[in-house]
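> Here you go, one structure.
The values are calculated or read from the model by the stated rules, or taken from the named source; none is laboratory data. It should be emphasised that the depicted structure is a prediction, and the values quoted were computed from it without experimental measurement. Reconstructed Cβ throughout: ideal geometry from the backbone, glycine too, with neighbour counts over all protein chains shown. The accessibility values were calculated without ligands, DNA or RNA, using every heavy atom of the protein model including side chains. Shrake-Rupley method; radii C 1.70, N 1.55, O 1.52, S 1.80 Å.
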Amino acid sequence: MTAISHRITVIPGDGVGPEVVRSAVRIIDAAGVSVDWEYAEAGAEVFRKGDTSGVPAETRASIERTKVALKGPLETPVGFGEKSANVTLRKLFETYANVRPARELPGVPTRYAGEGVDLVIVRENVEDLYAGIEHMQTPDVGQTLKIISRKGSEKIIRYAFELAQREGRRKVSAATKANIMKLSEGLFKRTFEQIAPDYPEIEAEHLIIDNVAHQLAKNPAQFDVIVTTNLNGDIISDLASGLVGGLGFAPSGNYGDDVAIFEAVHGSAPKHAGKDVINPTALLLSSVMMLRHIGEADAADRMEDAILVTLEEGKAATQDLVRQTGGDVEQATSTTGFTDMVIANLGRHPATVAARHRTQRPGGPAAPLPRWSYEAAHYATIDRTTVGVDVFIEEDTTSAVLGPLMETIAGPDLVLEMISSRGTMVYPATGLASDDVRLWRCRFVSPVGADVPDSVLLGLLERIAGRHPGWTHVEKLHFFDGEPSYTKAQGQ
Ligand code: NAP
């Protein structure tokens, strides 16, 4: 009897998930890797049972035990309902690095065939708009907080450079929207610029994310490693998968300090569920990343080679690939048939490409990942001043009426600096044609730039509190080491 050497949590998931997971498990077993698979639930079925997290306690306990999970896609209601169980899983285990390679594959025709597309998107995986902090500020104005921390940025940026070093890559491109979101995306960009000199052998560049989308469509082979914030990474990694044949070919790994979760980039593709037609390649390539992560490099190479041979020879092609090659979809290979062919090809080597033969985790599974460089003591040295407050007020009025009123309410220690509507200054009047949505940001500041105590801010809120519907949200205005912690309004 073979000794069990690895324990892995396996989550079949929703829609096509069970089919692609079955394919991956069969091939890993056939490759001779000894795994004790711990089957666990997450996603739609769990929501239906009334667990609002979508990830039951037993599943969490299993991942805590095994530290590695292979998961199928999980369904998320769009625009309503419970939070995404995918995002919950990534966040529960602080898998902060989402690594999404996009590499030209043999036998998969694309517009870029022959250009040598071979890039990795390293997406920050727990912060940004995916922090999931959302409110309706009024019945008609929604708000999602975009949280970007220096620590989160440093971790993912160092991860990207370490990955580049490990894989012998030459360039890391940071992709941000720092031109517009100067404090959140800007912090990511500034952190990138601070860290890049620690890796002098690797070229570092910064590009605005919209230009990255443009450059990816125009000349994707120019990219090597792209490091970016969560939402940017979510979008451009789907774009990148389109460059190499589509979602059927896009793998990913979510890495944290302790836990790693491997999954395809694609979702549950409900219309294909249960039909045995889905392309399992994305999850198979994710499984290759997983095998490298758990130290099964030889098996990873064998599995990757077998997938490449199968694609290269073209004897097995699932519907999505047949559509791209213009063949007869009726003749397409089933998911099971494709899996059988990969198993039959184990031990063979592709003629036109080499398997990557590199570990996907910087430093390999045993090496500790880069740690956060700031000591707690650093925060004690920062000079802080509270210079005022932004109070968001819901009121059916006009800025011309609200402005003078707020000036009188401001009191002796504060003055009304301005009012904005959705970020554009409307009081004092600028002549800009800004529509109103019954939500006004009123900025009160110390007239002399003095440090404003909480008692003054609370007094202001009490004076505003009598109004109906009234204040909805408050944001303190600070200076940190002499630098403002907030931006001006447009038109200010
Ligand atoms: P999707 O499930 O990725 O499917 C969109 C389309 O992509 C499919 O209809 C199919 O295109 C193609 N496709 C996806 N996977 C494929 C594969 N393995 N082989 C061949 N073609 C494939 O995206 P969605 O329809 O927007 O999302 C469905 C559900 O999945 C949602 O509930 C969403 O929240 C969830 N989701 C989960 C994850 C995750 O678990 N990580 C990720 C994304 C979305 P054709 O129609 O052209 O055949």
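> Using the heavy atoms of the protein chains and a 1.4 angstrom probe, tell me the accessible area per residue for segment 383-484 in square angstrom.
The answer is 51 Å² per residue.
> Please report, as a whole percent, how much of the solvent-accessible surface of segment 383-484 comes from carbon and sulfur atoms (probe radius 1.4 Å).
Reported share for carbon and sulfur atoms: 55 percent.
> Also: Pairing the Cα long axis of helix 185-195 with the longest principal axis of the chain, what angle in degrees results, from 0 to 90 and rounded to the nearest 10?
Long axis of 185-195 versus the principal axis of the chain: about 60 degrees.
> Between Val126, Val389, Ile209, whose Cα lies farthest towards the positive end of the dipole of the chain when Lys and Arg beta carbons carry +1 and Asp and Glu beta carbons carry -1, centred on the Cα centre?
Towards the positive end, the residue furthest out is Ile209.
> Moving on to the next point. Of Pro404, Ser455, Ala164, which is farthest along the charge dipole of the chain in the positive direction, counting Lys and Arg as +1 and Asp and Glu as -1 at C-beta?
Farthest towards the positive end: Ala164.
> Now, a different point. Quick check: Cα centre of segment 132-167 to Cα centre of segment 452-475, how many Å?
What the calculation gives is 30 Å, centre to centre.
> Using a 1.4 angstrom probe on the protein heavy atoms only, line up Met303, Met136 by accessible area, largest first.
So, going from the largest accessible area down, we get Met136, Met303.
> So, counting K/R as plus one and D/E as minus one, what does the shell of residues with Cβ under 13 Å around Gly32 add up to?
Computed value for this residue: -2.
> To the nearest 10 square angstrom, what accessible area does Ser421 show with a 1.4 Å probe?
Accessible area, nearest 10 Å²: 0 Å².
> Give the residue from Gly186, Phe93, Val322 lying farthest towards the positive end of the charge dipole for the chain; charges sit on Cβ (+1 for Lys and Arg, -1 for Asp and Glu) and the dipole is referred to the Cα centre.
Positive-end residue among those listed: Val322.
> Shifting gears a bit: Report the net charge of residues surrounding Glu312, where surrounding means a beta-carbon distance below 14 angstrom and charges are Lys +1, Arg +1, Asp -1, Glu -1.
-1
> Protein chains only, probe 1.4 Å: how do Ser149, Ser446 rank by accessible area, largest first?
Result of the area sort, largest leading: Ser149, Ser446.
> Which distance in Å, rounded to a whole number, links the C-alpha centroids of segment 393-421 and segment 42-57?
46 Å
> Using a 1.4 angstrom probe on heavy atoms only, work out the carbon and sulfur share of the accessible area of segment 253-313 in %.
Roughly 46 percent, rounded to a whole number.
> Please give the helix 399-409 orientation as an angle from the longest Cα principal axis of the chain, in degrees from 0 to 90, rounded to the nearest 10.
Computed tilt is about 70 degrees.
> Additional query: In whole percent, and with a 1.4 Å probe on the protein chains, what portion of the accessible area of segment 111-243 is carbon and sulfur?
Roughly 52 percent of what the probe reaches on segment 111-243 is carbon or sulfur.
> Also, I was wondering about something else. With a 1.4 Å probe and all protein chains left in place, how much accessible area per residue does segment 111-243 have, in Å²?
41 Å²
> Moving on. Say a site is exposed when it is one of the trypsin sites (Lys or Arg not before Pro), sits in a DSSP loop, and has at most 11 other Cβ atoms within 10 Å; what is then the longest site-free stretch of the chain?
171-370
> Let me ask you something else. How high is the relative contact order of segment 383-484, in percent, counting Cα pairs under 8 Å that sit 6 or more residues apart?
48 percent
> Can you pull out the chymotrypsin sites (Phe, Trp or Tyr not before Pro) in segment 9-112 whose DSSP state is coil and whose Cβ has at most 13 other Cβ atoms within 10 Å?
Phe80
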